[in-house]
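Worksheet for the structure shown next.
The values are calculated or read from the model by the stated rules, or taken from the named source; none is laboratory data. Keep in mind that this is a model prediction, so the values were computed, not measured. Here the Cβ positions follow ideal geometry from the backbone for every residue, glycine too, while neighbour counts run over all protein chains shown. These area figures cover heavy atoms from the full protein model, side chains too; ligands, DNA and RNA do not enter into them. Shrake-Rupley method; radii C 1.70, N 1.55, O 1.52, S 1.80 Å.
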Amino acid sequence: SMVWQARNYIESNKINEALSLLQLLKADVNFPKRLYPFLNEQFAYAYYSMESYELAANHLIEAIPNAIDNDAKSRWYLLIAQLYQKVNNTDKAYIWYKKATQLSSNPIIGVYAAINMIRIETEKSNKNWLTLAYELEKITKKEKYKPHTDIIYFELAKIAIQNKGFSKANEWLIRSIKNNYDNPKQKETAFELLGDINYNANKFV
């Protein structure tokens, strides 16, 4: 009940009160070991609310036994990776993205984990970004990723823009739009980005 009280403090934006209570529970020698993952989950949430992303990631790792199944666990792996990436700890982020791709049965998690791994590899290696992007493009041929081809090409276009490959970005955005059958919001965003690229290149028609 005290753990839940801490959660209520977090939701009420009383983060210091929440952390004080959680620290008190952590120091209690009689605190049940079976509840430690849940305690760490609340620590992670409190630190996330404070934008202390590395501390949030560290505690979320300790909370992993609280994940109800492999799908939930892979979502947490992805979140841990994203938290580390927010503080530029790309080495740790890469490890957790890789764990997410290996465990997840959810193709969307696999797609975003793979995309972020490519981004990290591009920044850290001497490989040409196009080489790494083409490696990512190959997953569009895999059956489980085919329904998400539009997302993959959209993210590839963003990588191309980041590397000033506007011609390739243009091509991939068109492929994203053509492969989008049931995600109108994603399609709108792709059209808008395509418009921006062409406007900035003075291709007004």
field: Whichever lysines have a C-alpha closer than 22 Å to that of residue 33, once near sequence neighbours (fewer than 8 apart) are set aside
entry: 73
- request: Describe numerically, in nm with one decimal, the distance between label points set 7 Å from Cα along Cα→Cβ at residue 128 and at residue 8.
  value: 6.2
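When the solvent-accessible surface of protein heavy atoms is calculated with a 1.4 angstrom probe, in what order do 130, 60, 24 fall, highest first?
24, 130, 60
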- prompt: (i) 150; (ii) 273; (iii) 140: which one is volume of the Cα convex hull per residue in Å³ as calculated from this entry?
  reply: (i)
- request: Quick one: grab the alpha carbon gyration tensor of the range 93-140, order the square roots of its eigenvalues as a ≥ b ≥ c, and give me rounded if a/c is under 1.5, else prolate or oblate depending on whether a/b is larger than b/c.
  value: oblate
Probe 1.4 Å - accessible area at residue 99, Å² to nearest ten: 80
- line: Computed over the chain: longest principal axis from alpha-carbon atoms vs helix 107-124 long axis, angle to nearest 10 degrees, is 80
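Below 8 Å between Cα atoms, with a sequence gap of 6+, how large is the relative contact order for the chain in percent?
Working: 227 pairs, mean separation 20.3, N = 205.
For the chain, the relative contact order is 10 percent.
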query: Within the accessible area of the chain, what % is carbon and sulfur when the probe is 1.4 Å and the other protein chains stay in place?
result: 50
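Want the number for residue 71 to residue 89: 0.36 nm per residue separation, take away the alpha-carbon distance, what's left?
Values: separation 18, 0.36 × 18 = 6.48 nm, distance 2.44 nm.
Taking 0.36 nm per residue and subtracting the Cα distance, the gain is 4.0 nm.
Going down the list 124/144; 14/185; 141/187; 98/127, which pairs span over 27 Å between their C-alpha atoms?
Numbers: 124/144 29 Å; 14/185 35 Å; 141/187 21 Å; 98/127 19 Å.
Going by Cα-Cα distance, 124/144; 14/185 fall outside the 27 Å limit.
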- prompt: Build a GNM of the chain with springs between Cα atoms under 10 Å: which of 32, 107, 147 gets the top mean-square fluctuation?
  reply: 32
query: Running Debye on the range 10-113 with equal point scatterers at the Cα sites and no solvent, what base-10 log of I(q)/I(0) appears at q = 0.16, 0.22 Å⁻¹?
result: -0.71, -1.11
message: Taking the 0 to 90 degree range and rounding to the nearest ten, how far is the long axis of helix 166-178 tilted relative to the main principal axis of the chain, both from C-alpha atoms?
response: 80
- line: Between the alpha carbon centres of the range 8-64 and the range 135-201 the gap in Å comes to 39
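Can you check what the net charge comes to around residue 110, using other residues whose Cβ is under 13 Å from the Cβ of residue 110 (Lys, Arg +1; Asp, Glu -1)?
Details: positive: 75, 98, 99, 142, 144, 146; negative: 71, 143, 155.
Every neighbour counted, the sum reads +3.
Assuming R0 = 35 Å, can you tell me the calculated FRET efficiency for the pair residue 20 and residue 186, based on Cβ-Cβ distance, to the nearest 0.05?
Details: r = 43 Å, r/R0 = 1.23.
So the FRET efficiency works out to roughly 0.25.
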message: Tell me the per residue accessible area of the chain using a 1.4 Å probe; a whole number in Å² is fine.
response: 58
